[in-house]
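Each remark here refers to the structure printed beneath this line.
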Amino acid sequence: MQNFIAYIPTQLHFGKGVIKGLPEAALPFGKKVLLMYGKGSVLKNGSYDNTIEQLKIAGMEIFEYDGIKSNPVVEDVDAAAELGIGKKVDMIVAVGGGSVIDSAKITAICIHDRAKAWDVVKRKVVPTGAIPLITVLTLAATGTEMNSVAVLQNHKTDEKLGYGHLSMYPKHSFLDPGYTLSVPANYTAFGVVDLVAHCLEAWFGAGDASLSDRFVIAIIKEAMEFGPQLMDNLSDYDLRARIMWAATNALNGLTSYGRVSGDWAVHGLGHVLSYLYDTPHGASLSIVYPAWLRIMKERIPERISQLGVQLFNENDPEKTIFKLETFFSALGSPVRLSDIGKNDKDIEEIIKIMNYNRVSGMNMRLNEDDRRRIALQMI
Ligand code: NZQ
Ligand code: ZN
């Protein structure tokens, strides 16, 4: 087992009506709030109204930045930071899914350090801190509510990149599964795929960490049992709650402690699809994971087989991959490029951006030939 530091400083408030704890959580940080949200879903599911109500109870002055798009872009972060700096806000409250919360995380650094977002993401500046961030999560998927990572894209540089800094841990995250009842079927499925993919990135990482492996299997089993049930009962609060909690735990460190690293090549490859075609994050992963596994079964058949035994009582790597792919597909997530309207004519463009970004795994290194072979498997 590797040495590690376990550090999750986010206070997580989970359950029905927890938003009532917002005033007490926010007041220690000041009185001026930058409220960030996306394209309007929060206005329909009650999360926006409830957040405003609680901030008003706390006597907060509120400045809003909305319109953050899914697969968020650097321009919004710079604009939000400019607003926050101009209004001298004390904290950010982000209401939404991963795209809004990730944008808010980088904005929090940009306001604190008067920095430009892409300089932060590209590590041209080293943050000295971030203003406090509170999140109100409305979509179960990324785990961003309890980690220190953000993903941002830049169309000027052809990149979608992840960035991590300890200052970006939310101080508080409010998770009311009721807010996720309005998530449509497709994004519900993509969220389940994403949480499973986070577990797989840990599983295929470097190093030996048996307890973390068991967490991985437990979380995937939770998703495999309750994900399909949720797809049949989208308005079931209890199922929403189980998936929401599973998603948080899939990427808050629990599945990684003791490892050298996760792998994360599949996420990097998926980001290329999101960058090029605005493919939703989870949808990109259900296309790339089976393709990556089919190439990796030559290199790490035993590890795939161990996964198969734990999840499906199946030790054949190809059958394991097929079962995983069938699980994604049955949820309603795409598993081939044709499912998102792309075909072999698009392959060269995809490979070009994969190579330009030199996408690779931290454990399973990828060269140009590997990327081509993985891309061809996606057809
Ligand atoms: O923009 P609005 O109107 O809010 O609509 C959103 C968006 O269209 C909608 N939505 C959110 N909550 C809803 C809802 N619709 C109805 N009811 C609700 N309660 O769902 C759409 C997708 O939202 P988005 O935030 O983009 O989805 P997600 O949470 O999957 O976040 C995806 C982003 O997170 C990054 C991804 O790369 C992608 O950019 N990731 C962040 C990670 C992290 N910070 O740890 C790790 C992940 O691996 C991932 O890379
Ligand atoms: Zn992900």
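Under the rule of at least 5 residues apart or a separate chain, name every residue whose amide H is placed under 5 Å from the amide H of MET36.
Answer set, sorted by chain and number: TYR65, VAL93, ALA94, VAL95.
With an 8 Å Cα cut-off and a minimum separation of 6 or more residues, compute the relative contact order for segment 48-118 in percent.
Relative contact order, segment 48-118: 34 percent.
So how tilted is helix 237-250 from the main axis of the chain? Cα-based, degrees 0 to 90, rounded to 10.
Roughly 80 degrees, rounded to the nearest 10.
Nearest 20 debye, what's the magnitude of the dipole of segment 185-377 about its Cα centre given +1 on Lys and Arg Cβ and -1 on Asp and Glu Cβ?
The calculated dipole for segment 185-377 is roughly 300 debye.
Just to confirm the number: angle between the C-alpha axis of helix 98-113 and the first principal axis of the chain, 0 to 90 degrees, nearest 10?
Helix 98-113 and the main axis of the chain meet at about 50 degrees.
Among GLU159, GLU201, GLU24, which one shows the biggest mean-square fluctuation in a GNM of the chain, springs joining Cα atoms closer than 10 Å?
GLU24
Around PRO334, under 13 Å between beta carbons, what's the net of Lys plus Arg minus Asp minus Glu among the other residues?
Charge balance in the 13 Å sphere: 0.
Mean separation of Cα pairs under 8 Å and 6+ residues apart, divided by the residue count of segment 269-349: what relative contact order is that in percent?
28
Among PRO72, PRO132, PRO28, which one shows the biggest mean-square fluctuation in a GNM of the chain, springs joining Cα atoms closer than 10 Å?
PRO28
Which parts of segment 171-207 would a label at ASP49 reach, counting a residue when its backbone N lies under 18 Å from a point 7 Å out along Cα-to-Cβ?
176-183
According to the square roots a ≥ b ≥ c of the eigenvalues of the Cα gyration tensor, what is the shape class of segment 291-338, taking rounded for a/c under 1.5, prolate for a/b larger than b/c otherwise, and oblate for the remainder?
Oblate is the answer for segment 291-338, as a/c is 1.5 or above yet b/c matches or exceeds a/b.
Tell me, what HN-Hα J-couplings in whole Hz come from the Karplus equation 6.51 cos²θ - 1.76 cosθ + 1.60 at θ = phi - 60° for each residue of segment 217-226, using x for Gly and Pro?
Karplus values, whole Hz, x for Gly and Pro: 5, 4, 5, 5, 4, 4, 5, 6, 7, 9.
Mind running the shape call on segment 185-377? Use the C-alpha gyration tensor, a ≥ b ≥ c as the square roots of the eigenvalues: rounded below 1.5 for a/c, prolate if a/b tops b/c, oblate otherwise.
Cα axes put segment 185-377 in the oblate bin.
Any idea how far apart THR326 and ASP208 come out in nm if each label point goes 7 Å out from Cα toward Cβ?
If labels sit at THR326 and ASP208, their model points lie 3.3 nm apart.
Report the extension gain between VAL125 and ARG358 in nm, rounded to one decimal, defined as 0.36 nm multiplied by the number of residues separating them, less their alpha carbon distance. Don't skip to the answer; put the middle values down first.
Details: separation 233, 0.36 × 233 = 83.88 nm, distance 2.21 nm.
Here the answer is 81.7 nm.
From the backbone phi of segment 114-130, what are the Karplus-calculated ³J(HN,Hα) couplings (6.51 cos²θ - 1.76 cosθ + 1.60, θ = phi - 60°) in whole Hz, Gly and Pro given as x?
For segment 114-130, the Karplus curve yields 6, 9, 8, 4, 6, 5, 5, 4, 7, 6, 6, 10, 9, x, 9, x, 8 Hz.
Sequence-distant or interchain residues sharing an amide H contact under 5 Å with ASP176, placed H: which?
Amide H to amide H, under 5 Å and 5 or more residues apart or across chains, ASP176 pairs with GLY15, LEU137.
Which whole-number percent is the relative contact order of segment 185-377 (Cα, under 8 Å, 6+ apart)?
Once divided by the residue count of segment 185-377, the mean separation gives 27 percent.
Given a 1.4 angstrom probe, I'd like the percentage of the accessible area of the chain that is carbon and sulfur, rounded to a whole number.
Of all accessible area on the chain, carbon and sulfur atoms account for 51 percent.
List residues of segment 250-265, by number, whose backbone nitrogen lies under 17 Å from a label position 7 Å along Cα→C-beta of PHE312.
Taking a point 7 Å out along Cα→Cβ of PHE312, no residue of segment 250-265 has its backbone N under 17 Å.
Just to be sure I understand the model, the point goes 7 Å from the Cα along the line to the Cβ. What's the resulting LYS56 to ALA185 distance in nm?
Each label point lies 7 Å from its Cα, and together they span 3.8 nm.
Mind checking the angle between helix 74-86 and the chain's longest principal axis? C-alpha axes, 0 to 90 degrees, to the nearest 10.
20
At R0 = 30 Å, how high is the FRET efficiency between ASP238 and ALA218 if r is their beta carbon distance? Nearest 0.05 is fine.
Details: r = 18 Å, r/R0 = 0.61.
After rounding, the FRET efficiency stands at 0.95.
Please check: in the Gaussian network model of the chain (C-alpha springs, under 10 Å), which one of PHE174, PHE312, PHE327 has the largest mean-square fluctuation.
Its mean-square fluctuation being the largest, the pick is PHE312.
The values are calculated or read from the model by the stated rules, or taken from the named source; none is laboratory data. All values derive from a computational prediction rather than experimental measurement. Backbone-built Cβ (ideal geometry, glycine too); neighbour counts: all protein chains shown. These accessible areas exclude ligands, DNA and RNA; they are computed on the full protein's heavy atoms, side chains included. Shrake-Rupley method; radii C 1.70, N 1.55, O 1.52, S 1.80 Å.
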